[in-house]
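Readers should treat all values here as calculations from the given coordinates under stated rules, not as data from a laboratory. Since this is a predicted model, take the numbers as computed values, not measurements. Cβ: placed from backbone, ideal geometry, glycine included. Neighbour counts: every protein chain shown.
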């Protein structure tokens, strides 16, 4: 029984006139029949399944629909077509730096973020010290968050997030934060979580990381699923060849998965 | 429901804390402002209107205070509720949390402010020689319903605000208008029965009227009056819930 099953998922984004216009414009355009909302398909017919403990790497150029797919998997968005079936708890670490409140102190932000990630208060009380130690922000804990440097912010975000023990873990470009020393530390920590048995989905632009860590690869290009399978090295090779311009995708579409 | 509450309690508490801290940041008086601002409004009205409307009326201060007390709670709650969803866009587009939590958190804050002002209100009642009767317990009824009403409107407004920022200005104008139409500083006794009945269509007037009946006249409003209030609150709340249910996963297209 697979722990995560994505079946023929298509996701449409609404784009067009509805944003940025006020009420007056909206009414006027409605009257003039000049109000256009079109759908933009960020993902089309994506299907894959993951077993417990597997690690999936999602690769693809910018705008391939990776982040949108992750939002659907984590339940922030609903798929326009198709279905997603998940077993167990799910934690998504998307764009770690956002969602903090600049006016609150580091300590208050830590608790707030912990709460957002679904931790309990007792858990936060117990682990707060180790979070701050790991982020190396001991002397900043009562400073307003906005005074931190951006490196410090992402260090804190990573330290809080790295405590999650979900059944399914989603990582969007979060494996590498901070400077050299912290980077090594955070990668070590991440590997520890992955070894802990969580089913992991990793979005990364570092092909080496994908090759090292993943058992399965999903390649997306402009919303289309180009390839999915456990032939990690093979798919990565093809992706690399494609990036270098040596291979075209049209020839790839019928390739066996 | 209970399970959800358990799951999100910690987050909810942290959100309430955050809202409190960010609201009173860099104010010398801090929370005192939430009591002071309705009091200042009361003071101004008392000075301005006593000569016009307060002549020959007993307990005019209490009469006014009933109005400003509920009206302040209403406007504060709806205005803050309106922006609650939008200002947390950075969170709900990244983490899967129930979106109504942001609104509820704001409403907890305004409810506490209201509670504090209510204490001052009772103090003023003493000064105004109001006799306290057991009927004061009934004030819980309009307070709870106003809470529901405010949350319902907050749901509607915060959703609309995501779609159209104009709502902010429209609502500002509307609440001003509502202030003049809710008989806060005047009585409607002079109007014809037809016009007086029109006031019953205004929920804000109903809430204020309920308070005045209990506090000043020491009479219990009729059953119909109770039902009308209940219908207003439930209706607004239901519409709000329906909107949130429908747009729950679609808000993020608009931010």
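Data table
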{"read-out": "Centroid-to-centroid separation of segment A:35-68 and segment B:20-88 [C-alpha atoms, Å]", "value": "50"}
{"read-out": "Footprinting exposure proxy for A:66, B:135, A:138, B:23 (fewest neighbouring C-beta atoms within 10 Å first)", "value": "A:138, B:135, B:23, A:66"}
{"read-out": "Average beta-carbon neighbours from other chains, 10 Å sphere, peptide A:111-124", "value": "5"}
{"read-out": "In degrees, nearest ten, helix B:203-212 long axis to first principal axis of chain B (Cα)", "value": "50"}
{"read-out": "Part-to-part distance (alpha-carbon centres) for segment B:151-184 and segment A:106-120, which is given in Å", "value": "32"}
{"read-out": "Order of B:241, B:119, B:125, B:66 under a 10 Å beta carbon neighbour criterion, fewest first", "value": "B:119, B:241, B:125, B:66"}
{"read-out": "Cα-based Kirkwood hydrodynamic radius, chain B, one decimal, Å", "value": "19.5"}
{"read-out": "Estimated translational D of segment B:1-126 in µm²/s (Stokes, Kirkwood radius over Cα pairs; 10 °C; 1.306 mPa s)", "value": "96"}
{"read-out": "As computed over chain A, the Cα convex hull volume per residue (Å³)", "value": "165"}
{"read-out": "Crossing angle, helix B:167-181 versus chain B [Cα axis fit, 0-90 degrees, rounded to tens]", "value": "10"}
{"read-out": "Volume per residue of the C-alpha convex hull in segment A:130-242, rounded to whole Å³", "value": "131"}
{"read-out": "20 °C / 1.002 mPa s Stokes-Einstein diffusion coefficient of segment A:103-165, Kirkwood radius on C-alpha pairs, µm²/s", "value": "188"}
{"read-out": "DSSP beta bridge pairing in chain A, given as percent antiparallel to the nearest 5", "value": "50"}
{"read-out": "Estimated inter-spin distance, residue B:131 and residue B:224, nm [label 7 Å along Cα→Cβ]", "value": "2.8"}
{"read-out": "Average beta-carbon neighbours from other chains, 10 Å sphere, peptide B:92-104", "value": "4"}
{"read-out": "With Cα atoms, 0 to 90° folded angle of helix B:140-163 axis to chain B main axis", "value": "50"}
{"read-out": "DSSP bridge pairs, the protein assembly as shown: antiparallel proportion in percent, nearest 5", "value": "50"}
{"read-out": "Relative contact order for chain A, counting Cα pairs under 8 Å that sit 6 or more residues apart, in percent", "value": "25"}
{"read-out": "Fewest-first ranking of A:30, B:99, using other Cβ atoms within 10 Å as the exposure measure", "value": "A:30, B:99"}
{"read-out": "Computed Kirkwood radius, in angstrom, where 1/r is averaged over Cα pairs of segment B:135-255", "value": "16.1"}
{"read-out": "Equivalent ellipsoid dimensions for the protein assembly as shown as semi-axes, Å, which come from the Cα gyration tensor, largest first", "value": "54, 27, 19"}
{"read-out": "Segment B:158-219 - convex hull of alpha carbons, volume per residue in Å³", "value": "110"}
